[in-house]
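See structure below.
No value in this document is a laboratory result; all are computed from the given coordinates. Since we're looking at a predicted model, the values are computed, not measured. Using ideal geometry, Cβ is built from the backbone for each residue, glycine included, and neighbour counts are taken over all protein chains shown.
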């Protein structure tokens, strides 16, 4: 870029003050408490909103300038992708399953975050916070739009992309992210900031947008890399906002510490469960892989998250409650997720498959303590069933965790041979959980989670009444096209045929 | 000591920026991955406008980093002349 840099009349700090703090005003007709009704009920005590710092000191005029430049770069790549048969430059069409999951489950989450930050920008009394939330709200809407737009190029050629908006509301695995964001949006403003700004953005989005996107580049998908990195560069500001909010709360009043710690415990575990599927995308769905989920967790979870919690220790913050359980789960979760997706692949709007011998050799190298011992034998068994013409489909209805809504497919932290299952009785009803973390979250706020809309239970209610075909119709899933084994699918056949056409004149 | 890092897109814009970061932070380690460059440094990292300008051959506004920034770690402090990442412990 060759950007003209005008001589500054004001310093960055002066300009920031003028274009944020000086935009605020004191209310006269109504009290502050009437204008900002939600800011006290969570119990967080703030004495001086002017102590809020935005270290990036980005003002709206610079924001538009740099975001405009990013959009120009993004659309240049999208145009090149559309004009240059970009959909044939990917390593293999099986890779598209990862993008379908992204579009169905994650892009709508960006939109939900946009709504959340628009609300929080209104509810926080401090003007620095309001401006930062406003920018983040616009960012999140931009992320949803650019992702949908970039992936629409694949929708022209491949199955499973056409009904992501229906999937967002109706598909069972999309209730995972939806319930995560609904939980955050129905909380107070400070809890929302910890949920999204801190746990999700700071501790977890690096795992989604950095190694996975670098992997997209390795697989020839420049459209996805570009929206991923363009989104992630906003995330750098969002992380700073989340971290700033946490420091601000802790510095304003020591009474805030136990409340903040409780939210960190809750939202780390909710985010860890939600992002687990990214491990499956990285370990199984990228034909060409940059690093394993375990390696990515080592860099962005243990090293980066660890640095953060060491830093916050001076305020009395300790690592989140589920931190050790998360570490134990890393060797297992991507395999357990992929095995579940394979067994239920008649009920997904993407393909799954049995990993090839090559893939299994890679997995065994990356997971030396667990893959050969626990997971290769299961894939070998599934291969035998498939070769015998009786591929395994799990027609049973998965039991869902009442909190995270994932089928209870994960094992005990210290025993990978037994499924982890917890239950709590509340007002005469039994509720089931996938982990101690999810059980604790429920028990702290049972009235919130007993209202959960659970897709498996919903399937048996009118108007679907347990009819699988009617359910597929309702979620806009075309059986035999959008779902099932990748091996033999229309996506696989088309990709191979079009690739051949691209290199011949016949 | 905790590590701070910055990750930038691997492109023509960032080549001189990466050279400048390495020059100003001798302990920095550069990791080149597909489409991105991640630079780690123990404890803190300083990115100076003047050093970037020497490498890039024109005036530079540090906020231009936003365009090619992927992610970072550590507390941020920014003014006209330098952009700092730091952990307190």
Give the angle, between 0 and 90 degrees and rounded to the nearest 10, that separates the Cα long axis of helix A:107-123 from the longest principal axis of the Cα atoms of chain A.
-> 10
Which semi-axes, in whole Å and largest first, does the equivalent ellipsoid of the protein assembly as shown have when worked out from the alpha carbon gyration tensor as the square roots of 5 times its eigenvalues?
-> 38, 31, 23
Here the percent of antiparallel bridges among DSSP beta bridges lying wholly in the protein assembly as shown, to the nearest 5, is 95
Using only the Cα atoms of the stretch A:162-252, build the gyration tensor, take square roots of its eigenvalues as a ≥ b ≥ c, and label the shape rounded, prolate or oblate: rounded if a/c is under 1.5, else prolate if a/b is larger than b/c, else oblate.
-> oblate
Just need the relative contact order of the stretch A:316-423 here, percent rounded to a whole number, with Cα pairs under 8 Å and 6+ apart.
-> 25
For the peptides A:141-150, A:82-91, what is the packing order when you average, over each peptide's residues, the other Cβ atoms within 10 Å and list the highest mean first?
-> A:141-150, A:82-91
Cα gyration tensor of chain B, axes a ≥ b ≥ c as square roots of the eigenvalues: rounded (a/c below 1.5), prolate (a/b > b/c) or oblate?
-> oblate
Exposure proxy check: A:318, A:378 ranked by fewest other beta carbons within 10 Å?
-> A:318, A:378
Relative contact order, percent, of chain A when contacts are C-alpha pairs under 8 Å separated by at least 6 residues?
-> 17
Using the number of other C-beta atoms within 10 angstrom as an exposure proxy, rank A:29, A:426, A:218, A:41 with the fewest first.
-> A:29, A:41, A:426, A:218
So for A:364, A:489, fewest C-beta neighbours within 10 Å to most, what's the order?
-> A:364, A:489
Can you pull the semi-axes for the stretch A:220-304, root of five times each eigenvalue of the Cα gyration tensor, sorted largest first, whole Å?
-> 31, 17, 10
For the stretch A:402-506, what does the alpha-carbon gyration tensor say about shape, rounded, prolate or oblate, given a ≥ b ≥ c as the root eigenvalues, a/c under 1.5 as rounded, and a/b over b/c as prolate?
-> prolate
Note to self, chain A gives a 222 nm [θ] from helices alone (DSSP H runs n ≥ 4, -39500 (n - 2.57) apiece, / all residues, nearest 500) of -16000 deg cm²/dmol
